[in-house]
Structures are given as C-alpha cells and as structure tokens.
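A.B. asks: To start, I am sharing the structure in question, which I have written as structure tokens.
The values are calculated or read from the model by the stated rules, or taken from the named source; none is laboratory data. Since this is a predicted model, take the numbers as computed values, not measurements. Cβ placement follows ideal geometry from the backbone for every residue including glycine, while neighbour counts extend to all protein chains displayed. For the accessible areas, the whole protein counts, side chains as well, though only heavy atoms, and no ligand, DNA or RNA atoms are used. Shrake-Rupley method; radii C 1.70, N 1.55, O 1.52, S 1.80 Å.
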Amino acid sequence: AMGCFGSKVDRERSGSVRGEEAAPRTLITEDDPSGRRIQIAKEFLDTERTYVQSLETCKRVYLDELRARSTGKKAIIKPKDVDVIFSNLEELLAVHADVFAGLETCLEQPAPRIGELFSTIAERFKCYTTYINNYNDAISCLVALQKKKKPFAEFTREMMELPECNGLSLPAFLIMPIQRIPRYVLLLQDLNKQTPEDHIDKTGCLEALDNIREVADYVNEEKRIIENMQECAQLEEHIINSPVRGSFLFFVCFFHVSAHFSVCCTCSL
C-alpha cells in the first residue's frame, strides 16, 4: 500500500483531480486475462475522481462562500451554523484526495493492488463517524435557515444554478459522503470476485472488504438511527399538537424509540 501512496507528496491535489484523464491502458494482462479486474480498478479511479471533484465544488461554492458571508453587517449565516452544516467535510476531502492519488499510482502498476491500498487506508475512513453523527443536525439547520433567512435561501438557489454545480442543491452535495462507503463495498466485492486466489492482491482484497464492511455497517446503522429519530420527531410534533396529549400517542412514541435506542426519550408534554 505504501507503494500506492509513494508519489502523493509530489502531487498537487487540485491538479491531480481536475486534470485530464490518463490515456486508456491495455486491459488484457497475464494475471487478468479477461481484463475485468483492470476495468474495476478504472471504475474505482473514475468514481473517486468524480467524488473528490464534488467535494471540492461543495467546499469552494458553498462552504468557502458561506464562511465569507458569516461575519460583518451583511452576514447571511452565523459561523456556528456553517460548522453545523458542513461538519468535517474538509477532512473528508483531504482523505479522499489522498485516496485518489493512491489509485492513480496503483493504476500505473502492472498488477494494481487496489485491495492492499484500501486495506491500509480504511482506518482513515473513521472520520466518517463525525460526519454521519452530525448529518441529521446539518440538514435540520439547513432547512431552518432556508425557511427563516431569505438571503440564505436566495444564496443557495443562486449557487445551485452555477455550471459547476450541475443543478445540484446543497443537500444533494451533503448526502454524497453518506453514499460513498456503500459504493466501496460493492466495488470491492466485484474486485474480489475477479481476483484469482494466487493473485498478489488477493489477501489485500479480502482484508479491504472486511475493513470497509465494518465502516459500511456503521454508516447503515447511523442512517437507520437518523430515520428513526426523524420519525420520532414527527410523532412528537403530532403529540404536542394533539388534543389527546400525554395519553396513547405518547406511549406509541416512547415505545417506538425505546425499541431502537438504549436511551430515554423525554418529551416536554
């Protein structure tokens, strides 16, 4: 894996991601007679390029601009709200710029060791914990600001119309990290199927798949918890606005939450 990352210090991240794609390499090799393994490796690279470009766009168009507009008399958002909405997106961008550089180096090798690369870097994906845990608050904050602050709502609409955003809204960019880890699992499963038992990267593929699955399981669990929290919030709002406050609907909400969480749900009724 160190070989895959060997040249990252010499790369300029923005140039490595936004530059032209490398010329297609020969897909048929002695250890990959069908060419399928190289095709999967190229899919890793292409999707990583797109993902990093999207994170860069989100940072440049939304995050940086909102930070600049979070102070002064004409501020349209508070600095703390910027932090809530974007969480550790910049950390994710730094990690995946390195992943992209590593994939580029891997594809320069006769037998790309994609599995070995991901088995080594999987540890760095733990930074997704922060992003996933904050995601619900980020969307809630974003929705509230769009409803309460007209300048902010106008800003997000204007940015969405920029060519580099391709019509994608800010929520569309913010959900991309939620979707990335499950995509790795699918790609690694496919790569492992196309990697012979005696291949130099077979052990790396198996280790990478195990490591990334652990991260994916966590992401899926967090998504489930978020969905349950949203459902509970809707039930609680219904209870508060209901003339039957404190009776049957309260217990429906309480037991619904208790079934999914090991914490106590308190509703101010």
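A.B. asks: Give the cross-link partners of residue 147 among the lysines, using a straight C-alpha distance below 27 Å as the criterion and excluding same-chain residues fewer than 8 apart.
C.D. replies: The qualifying lysines are 59, 73, 74, 78, 80, 223.
A.B. asks: Using 0.36 nm times the number of residues separating residue 229 and residue 60, minus their current alpha carbon distance, what extension gain do you get?
C.D. replies: Between residue 229 and residue 60, full extension yields 57.7 nm more.
A.B. asks: Next up: Which one of 79, 99, 89 is farthest out on the positive end of the charge dipole of region 70-111, using unit charges on Cβ (Lys, Arg +1; Asp, Glu -1) and the Cα centre as origin?
C.D. replies: Going by the charge dipole, the pick is 79.
A.B. asks: Residue-wise, which Karplus ³J(HN,Hα) couplings in Hz belong to region 165-172, taking 6.51 cos²θ - 1.76 cosθ + 1.60, θ = phi - 60°, and x for glycine or proline?
C.D. replies: 8, 6, x, 7, 7, 4, x, 5
A.B. asks: Accessible area, 1.4 Å probe, largest first: how do 78, 59, 42, 148 sort?
C.D. replies: Of 78, 59, 42, 148, the descending order of accessible area is 148, 78, 42, 59.
A.B. asks: If you plug each phi of region 201-216 into the Karplus form 6.51 cos²θ - 1.76 cosθ + 1.60 with θ = phi - 60°, what whole-Hz ³J(HN,Hα) values come out, in order, with x for Gly and Pro?
C.D. replies: Once θ is set to phi - 60°, the couplings for region 201-216 become 9, 4, 4, x, 4, 5, 5, 4, 4, 4, 5, 6, 4, 4, 5, 4 Hz.
A.B. asks: Taking 2.2 N^0.38 Å as the expected size of a compact globular protein, what ratio does the Cα radius of gyration of region 76-159 give against it, to two decimals?
C.D. replies: 1.51
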